[in-house]
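See structure below.
Values quoted throughout were computed directly from the atomic coordinates according to the rules given, and no laboratory measurement underlies them. Note that the structure is a prediction, hence the values are computed from the model and not measured. Cβ: placed from backbone, ideal geometry, glycine included. Neighbour counts: every protein chain shown.
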Amino acid sequence: MTELSKIRNFSIVAHIDHGKSTLADRLIQSTGALTDREMKAQVLDSMDLERERGITIKAQTVRLEYTAKDGEHYVLNLIDTPGHVDFAYEVSRSMQAVEGSLLVVDASQGVEAQTLANVYQAIDADHEIVPVLNKVDLPAAEPDRVREQIEDVIGIDASQAVLISAKTGLGIPDVLEAIVTRLPAPKGDRDAPLKAMLVDSWYDAYLGVVVLVRIIDGVLKKNDKVRMMQTKATYQVDRIGVFCPAMLTVEELGPGELGFLTASIKQVRDTRVGDTVTHERRQTDKALPGFKPAQPVVFCGLFPVDTNDFDDMRDAIEKLALNDASFTYEMETSAALGFGFRCGFLGLLHLEVIRDRLEREYDIDLITTAPSVVYHLHLTDGTHSELHNPADMPDVMQIDRIEEPWIKATIMVPDEFLGDVLKLCQERRGVQLDLTYAGSRAMVVYELPLNEVVFDFYDRLKSVTKGYASFDYAISGYKQEQLVKMSILVNDEPVDALSIIVHRSKAEMRGRSMCEKLKELIPQHMFKVPIQAAIGGRVIARETISALRKDVTAKCYGGDATRKRKLLDKQKAGKKKMRQFGKVDIPQEAFINALKMDG
Amino acid sequence: MDWQQGGFGVYVHWPFCLAKCPYCDFNSHVRAGVDQAAWRRALTAEIARVAAETPDRQVDTVFFGGGTPSLMEPETVAAVIEAIGTHWRLASGAEISLEANPTSVEAGRFRGYRDAGVNRISMGIQSLDDRALKALGRMHSAAEARAAFDVARGLFDRVSFDLIHARQGQELDAWRAELSEALSMAVDHLSLYQLTIEPGTRFHDLFERGRLKGLPEPDLAADMYELTQELCEAAGYPGYEISNHARPGAESRHNRIYWRYGDYAGIGPGAHGRLTLQDGRTATETLREPMSWLSAVTEQGSGESLRESVSAADQATEYMLMSLRLAEGSDLARYAALGGTAVSPDTVAGLEEAGLLWQRGSRIGATRTGRPLLNAILRELLA
């Protein structure tokens, strides 16, 4: 265990490509956590890659031993966090687990949107922030301009910014010194009852569930009996340790330290990010503030393209759910798609991560249906219920009123893009609550219906602001709205998996857009295929896919028999990636792409 | 034996060209100084090798394709035909075709080909428009083509020629005029292909880089196909296959062996064969690269690069793929006997109702409407 005054806990905030991974590697290397031989390029980057592949979206920590210029020996804990609005809560917990941040900015590129989104989280967590200007060795570097920009845009003092080149190693000793001298030591009471924050957890094939904790007060030892205050579960700790970056078992973890515990926990589902870990015998009287149970806000149907894959899919979903507490599922039956699952997610990225894992790790081709939010239905008989799936919408005669979830969204954007952002929010039925300026940046606060945001709002926002906007939101409550169910008919047959719930004022526009999209997405058939959008029995939009007129091989002689046969086999395999509705083949990606709005 | 319903033909591949055409994905190579005597020996050696495996067969047809077989010396052609007659047995009245480029130089060899036994010439005229010929990378002019065609018509009873349509910048009316002229010249057979951009060709390269401009939209290409059927029918050259038109009785018997899924021997580099041997129907292929083939034949006694037995199901599929190209269609009974998974009667009925397929007894075939959609029909039938 290390004395509090000799511990520094920090995160690195940076825009992609600004050198976060390279800096982390240099810190690891120059403190000797890994020998040069062990040091494969970009230790943290390999984690990024995993994240990109959707395998894990988890916090990572590295413990560094450092002897400072004052001759004292320090322990530096670096925590690396994911950065997406879907995981805003998880990131906020990671940020709460450390006291300071290095803000890494490319000295030629300057501050970018992603930097801002993350730096504001660091500010929210009361971090001390040390600006670090990277790539100062490049000819295009303009450290003075970037320093000024940091002060203007973010509003923190950058006069003492550390100038480095993570690539050449220039300035790395200064970074280490700055961590020690400028970041605060953690506080905590060794003699108080154990109080630790559950920062993150994941499943390890050999160890079971590994729980990342930050000790606030007290001391955690092997064989301790601990209690999770939210889930009320108790466990006997069988191993504690730190990441160096390899796992290293230690005797105890004291206040201010970051480390892991294992305790024969079977499922990640049993651990909750933000929960408070304490001793069973001598409990802390107050749990840590800010705990939020994971609550899915986006639902969609997942169906196997090949109905024979259903059992495999069920196994895969059950396995995934063990390792992800924030994801829910229940069986769903669709007239169009057969058996599948209605799944709930934290947001769209989370949805994509889970879907990609099912497809890649379990090799199951999936159809994803339109994402939906949770509606509150008040029926004429006085009962009410939650609606997760447009297909389950009761007859309009039975509905007294429908309420939909609204969010409070905070968007930061350079003022040159403000007009486009306001227009986008307005189009999505937004109500402006606030608009303020900090330097040349605007902060707008909008109330928006979640169902307008859930699908492609973030993508659109990024596109209209060239990536310079940051976006965060929280559910603000439910409101009664004029909502209708819009059905899509393909070749005169309703396809339930394509129906959506939409505001009456937007129905026609959405209907037209979906019909146009489907016209592009569904291949031509040998006959005309009408596509209609309808509310109740009333058609509000219509497109027709013209009949295929020519699809024939001009030349086919003796040498072509094998080639033609193989081509046909390939086409048959392609057809397996489509689902047949009546006589029409619909490609799997059409279900989700039909919803995308271009502008 | 199943193959007997299609017949037996010998395909001879001559892989050399004076220049490579930008649309052509056939096995063709530009080489100077081809040693014709060496090739003669190699081709006849291959004939002997394949004939030893299929003894006592009567050869119904021989086809010299390429490349440019009209670059063969007549002595080479004569030697090949003689070897086929010696190692197998040439049917009386066997059809012996040779593909020829319509240049004056090659026309000078036509008489020699006739004396060697060739009785049908298939000319790669491709277009009767000089600008189009240039765009297609052809080395002859329209006038030269007409002159060569006249020479062929004076020497052979059966002359066919090829035209390519749905070319860059081609309008429907221009094709109507060109095809009408062709029909007025025609002897007994026309092959009319829509331009297809095949991988591995220069056109494909250009196409991928967005530099092949003016290709007709699918609707215009469909109109051109339809117009082709109408004009040819009206002139007495009904389409007996997707891209082939003939006066009744003047169909290419050799090509019909492929479409009727008969047996065929592939002689020369990159030639494919289907041979019913002791263990059933076998797909064969020879080395594509001319010099590799030549040295393999000379030094190892065989140019074969692949030999694979074709499963019952694959035979049935191949039969269907090939035979539905013909106006006479396919026999579902033969398809089933070969081992094809049953074609759903509902699918057939649905396609018939949509006017794409006809059914008479156990035979089915693509209708005039269905023909340009044959690939889509096959996907349904063989799903």
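Here is how the numbers come out for the structure above:
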| item | result |
| --- | --- |
| Per-pair calculated FRET efficiency, R0 = 22 Å: residue A:397 and residue A:508 via Cβ, rounded to 0.05 | 0.45 |
| Electrostatic dipole magnitude of the protein assembly as shown [Cβ: Lys, Arg +1; Asp, Glu -1; Cα centre; debye, to 20] | 1380 |
| Rg/Rg_ref, the range A:140-218, where Rg_ref = 2.2 N^0.38 Å and atoms are Cα | 1.68 |
| Spin-label model distance (nm) - residue A:516 vs residue A:124, 7 Å beyond Cα toward Cβ | 3.6 |
| For the range A:447-495, size of Cβ-based charge dipole, Lys and Arg +1, Asp and Glu -1, in debye | 220 |
| Inter-probe distance in nm under a simple model that places probes 7 Å from Cα toward Cβ, at residue B:139 and residue A:437 | 7.5 |
| Segment residue A:319-residue A:525, extension gain: residue separation times 0.36 nm, minus the distance between their alpha carbons | 70.2 nm |
| Global form of the range B:326-381, assessed from the alpha-carbon gyration tensor, a/c cut-off 1.5 | prolate |
| Helix-derived mean residue ellipticity, 222 nm - over the protein assembly as shown, DSSP H n ≥ 4, -39500 (n - 2.57), to 500 | -9000 deg cm²/dmol |
| The protein assembly as shown - share of DSSP beta bridges that are antiparallel (%, nearest 5) | 70 |
| Part-to-part distance (alpha-carbon centres) for the range A:284-358 and the range A:110-141, which is given in Å | 35 |
| Förster radius 51 Å - calculated FRET efficiency between residue B:173 and residue B:48, Cβ distance, rounded to 0.05 | 0.45 |
| 3J(HN,Hα) from dihedral phi, the range B:260-268, Karplus parametrisation 6.51/-1.76/1.60, rounded to Hz, x for glycine, proline | 8, 6, x, 9, 8, 9, x, 10, x |
| Spacing of the two label points (7 Å from each Cα toward its C-beta) at residue B:299 and residue B:346, in nm | 5.9 |
| Whole-Hz ³J(HN,Hα) from phi, Karplus 6.51 cos²θ - 1.76 cosθ + 1.60, for the range A:443-450, glycine and proline x | 10, 10, 10, 10, 9, 9, x, 4 |
| FRET efficiency for residue A:238 and residue A:365, using Cβ-Cβ distance with R0 set to 41 Å, rounded to 0.05 | 0.50 |
| Relative exposure of B:80, A:373, B:30, judged by other C-beta atoms within 10 Å (fewest first) | B:30, A:373, B:80 |
| For chain A, alpha-carbon Rg and Dmax in angstrom | 27.1, 88 |
| Net charge dipole size for the range A:237-314 [Lys, Arg +1 and Asp, Glu -1 on Cβ; Debye, nearest 20] | 380 |
| Sequence of A:215, A:179 once ranked by neighbouring C-beta atoms within 10 Å, starting from the fewest | A:179, A:215 |
| As computed over chain B, the Cα convex hull volume per residue (Å³) | 142 |
